[in-house]
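Structure first, then comments.
Where a number appears in this text, it was derived from the coordinates with a stated rule and is not lab data. What you are looking at is a predicted structure, and each value in this text was computed from that prediction instead of being measured. Here Cβ is always computed from backbone atoms with ideal geometry, including for glycine, and neighbour counts include all displayed protein chains.
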Ligand code: T1G
């Protein structure tokens, strides 16, 4: 065995060369790996005893892509002789067959490397994909030109615009891999396959030369039009999906080398752009958010094999579905049989809808419903490992329930509250086991929304925090650990935007102006459309209404939002909204009665007024230690509050704008509009000392 470099070895077994990469954690195509591949290939090609080459990886996976940590560096995709395309060129033009032996995930540059090989074999559990679109990029190593030459334009479009990881058996059906080996016998299987190529004198299949598949798609403009139409809503604001589509179009309509030029040009445009920077940042932020500085990786975890949920309403029902989906039995407790039956009925309906869309089978509906047991007494929560309270947001009610749970639940059970704003320390204080109390703040619809705020109380034990993080992973949530403060991280920052939005409509900006500005920025919906969706009467009472806010006036006028066909907007029978002059009149009259001077407010000011106080609040949260790191705040907002992923989140966005500019704006706003704009001391410090908060 020859050591080519720190991450590459070359071993000749009779007439087969085994080129092995071992570059943890995921054999990414770092400079070292590319240098190893080039040198190893040259060695194998020039070695007369070698008749075929197998490329294989040690560790958990085949090459999982280019090395994202190198992006933005001087050598991100390689200087002369060691670039990704140099590796591809060397492989594809090897005079000896090169076989990629795939296990784990062949992703991005990894799959592109395999596509530059003449053949590919894989273990049945392997997956292949081109997920660059999730990083705001496109496959820049020939993937957009080689993939459609094997799987056709339609499948290639689906793979590059979804970033999906395709299982090996489907890859075999599509011709993406040539053979599946035994699960635990990849190396041997690949060597046997390579030997067969030699003995059967099989051709060197250069994917670049395969024309017949793409020729079938030539002129099929409808295909591309349909894909663009189907993606329009979901990918609004993103550049990468369209750029990926243009590359596949080039593959279908242009010779290979011309297509490669188109791919290279569009790739660099994306790589140089802010969207990809934001999405690469979020890639690492999502891995960082799992790391809690004072909790060791090997912290002992509690077993969580059964769960209790209190409340079968919207939140309780959604929360229960997460655990049933993960195969964990749930006991759901409601005050009355009638409310319980209603809650269970909604859960079953949700599952049946999902089955109707073909996402789960009817058998799975029954299997999951079978894991959910309904009860009407808290006494039935005496054996579960984790109990989650999801009742009405009222401190006295929560304290009453936790007092009871303290005497009912088994020793060591985790007692969690789904409160979205209340003081978890105060809730824990009514129990004799505050170390086992934690906040698990799910987002509605809880079975869909990915985000989970894990609210760590002053006395919550490390084991309970670590166990909650592990549970979040099992139910496929993106969890961020936050501190106890009003509204935690997400709602606390949201309150800043809502406050300014409500002030702006009294200064002359109309609700739909504000919603349009935030919608164009990339939010799925503006604050007023969101209020209409949630219902303007949440927490509103006729008795207490005093007409001192626009919301009061709208509710008093029976404009409760979508559910009443009118709110800030008027809605047609299909719930399509449109601005309503009646609302404009209500706001105008409200302002006149209070001598408010209305003025024209442009989109830029609306964005500054709504977004800059959010960023300032983010700094206050960091200052108080209510979030572990700035990128956690961005994970919360991009996964729970619709902040556009290609803008990275409030803190990343603030950095793009420049924290010095935001500080200057806040100071001016504080002077002109009031103390609510007072800059965070930490923001002042970060600007003054040019501290990198990331
Ligand atoms: N580059 C650098 N580091 C990477 C990496 C990569 N491509 N992929 C993973 N890591 C690190 C990650 O940060 C973490 O580090 C550790 O590996 C484990 O990852 C030209 C330009 C492979 C499915 O988009 O989807 O190729 O936190 O926690 O859940 O066309 O990682 O331990 O220090 O995610 O088992 C295209 C990205 C790149 C795949 C494994 N490739 N990776 O998931 O572990 S662009 C991707 C993943 C490209 C070319 C273009 C997943 C995974 P740490 P993990 P996992």
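With a ≥ b ≥ c the root eigenvalues of the C-alpha gyration tensor of the range 107-147, is it rounded (a/c under 1.5), prolate (a/b larger than b/c) or oblate?
Taking the square roots of the gyration eigenvalues as a ≥ b ≥ c, the range 107-147 is oblate.
Rounding to the nearest 10 and keeping the result within 0 to 90°, find how far the Cα-based axis of helix 274-288 lies from the longest principal axis of the chain.
Roughly 80 degrees, rounded to the nearest 10.
Estimate the FRET efficiency between residue 164 and residue 6 by the formula 1/(1 + (r/R0)^6), using the beta-carbon distance for r and 41 Å for R0, to the nearest 0.05.
It comes out at approximately 0.80.
Restricting to DSSP H runs of at least four residues, report the calculated mean residue ellipticity at 222 nm for the chain, -39500 (n - 2.57) per run over all residues, nearest 500 deg cm²/dmol.
So the calculated ellipticity at 222 nm is -14500 deg cm²/dmol.
Mind checking the full-extension length gain between residue 607 and residue 676? Use 0.36 nm per residue of separation minus the Cα-Cα distance, one decimal, nm.
Taking residue 607 through residue 676 to full extension adds about 23.2 nm, to one decimal.
Which percent, nearest 5, of DSSP beta bridges in the chain are antiparallel?
The answer is about 35 percent antiparallel.
Mind giving me the FRET efficiency for residue 373 and residue 234? R0 is 25 Å, r the Cβ-Cβ distance, nearest 0.05 is fine.
0.10
Per 0.36 nm of contour for each residue apart, how much would the distance between residue 154 and residue 540 grow if the chain were fully extended, relative to their Cα-Cα spacing?
So the extension gain works out to 133.8 nm.
When Rg is the radius of gyration of the Cα atoms in the chain and Rh is its Kirkwood radius, what does Rg/Rh come to?
Over the Cα atoms of the chain, Rg/Rh equals 1.01.
Taking a ≥ b ≥ c as the square roots of the eigenvalues of the Cα gyration tensor of the range 63-153, is the shape rounded (a/c under 1.5), prolate (a/b larger than b/c) or oblate?
Cα axes put the range 63-153 in the oblate bin.
Tilt of helix 511-521 relative to the longest C-alpha principal axis of the chain, in degrees (0 to 90, nearest 10)?
It is inclined by approximately 20 degrees.
Along the Cα-to-Cβ line of residue 403, 7 Å from the Cα, sits a label point; which residues in the range 421-441 have backbone N less than 20 Å from it?
422-438
Show me 84-97, 329-342, 304-317, 287-300 ranked by packing, highest mean number of other Cβ atoms within 10 Å first.
The most tightly packed comes first, giving 304-317, 84-97, 329-342, 287-300.
Using bins 10 angstrom wide from zero, how does P(r) for the range 444-558 break down, in % of all Cα pairs?
The calculated distribution, bin by bin, is 11, 31, 30, 20, 8, 0.
For the pair residue 291 and residue 198, what calculated FRET efficiency results from E = 1/(1 + (r/R0)^6), where r is the Cβ-Cβ distance and R0 = 41 Å, to the nearest 0.05?
Approximately 0.30, to the nearest 0.05.
Percent of alpha carbon pairs in the range 205-345 separated by more than 21 Å?
In whole percent, the share of Cα-Cα pairs in the range 205-345 beyond 21 Å is 70.
For the chain, find the longest principal axis of its Cα atoms and tell me its angle to the long axis of helix 462-474, 0 to 90°, nearest 10.
60
Translational diffusion coefficient, Stokes-Einstein: compute it for the range 351-420 using the Kirkwood radius over C-alpha pairs as Rh, at 37 °C and 0.692 mPa s, and state it as an integer in µm² s⁻¹.
Estimated via Stokes-Einstein, D reaches 230 µm²/s.
To one decimal place, what orientation-averaged projected area in nm² is obtained for the convex hull of the Cα set of the range 101-259?
Orientation-averaged projected area of the Cα hull: 9.1 nm².
Under 17 Å from a point placed 7 Å out from the Cα of residue 85 along the Cα-to-Cβ direction: which residues of the range 139-169 have their backbone N that close?
139-147
Take 252, 455, 123 and order them by how many other Cβ atoms sit within 10 Å, fewest up front.
Neighbour counts put them in this order, fewest first: 123, 252, 455.
Distances longer than 25 Å among the Cα atoms of the range 352-489: what percent of all pairs is that?
Tail of P(r) above 25 Å: 30 percent of Cα pairs.
Could you give log10 I(q)/I(0) at q = 0.12, 0.13 Å⁻¹ for the range 582-694, computed by the Debye formula over C-alpha point scatterers of equal weight, without solvent?
Treating every Cα as an identical point scatterer, log10 I(q)/I(0) equals -0.51, -0.58.
For residue 298 paired with residue 361, estimate the spin-label separation in nm (one decimal), with each label point 7 Å from Cα along the Cα-to-Cβ line.
4.2
Would you work out the relative contact order for the range 199-265, in percent, from Cα pairs under 8 angstrom that are 6 or more residues apart?
38
Taking a ≥ b ≥ c as the square roots of the Cα gyration tensor eigenvalues, with a/c under 1.5 meaning rounded and otherwise prolate when a/b beats b/c, else oblate, which class fits the range 127-188?
Prolate shape, in that a/c is at least 1.5 and a/b is the bigger ratio.
At a threshold of 8 angstrom on Cα-Cα distance, excluding pairs fewer than six apart, so keeping six or more, what relative contact order does the chain reach in percent?
8
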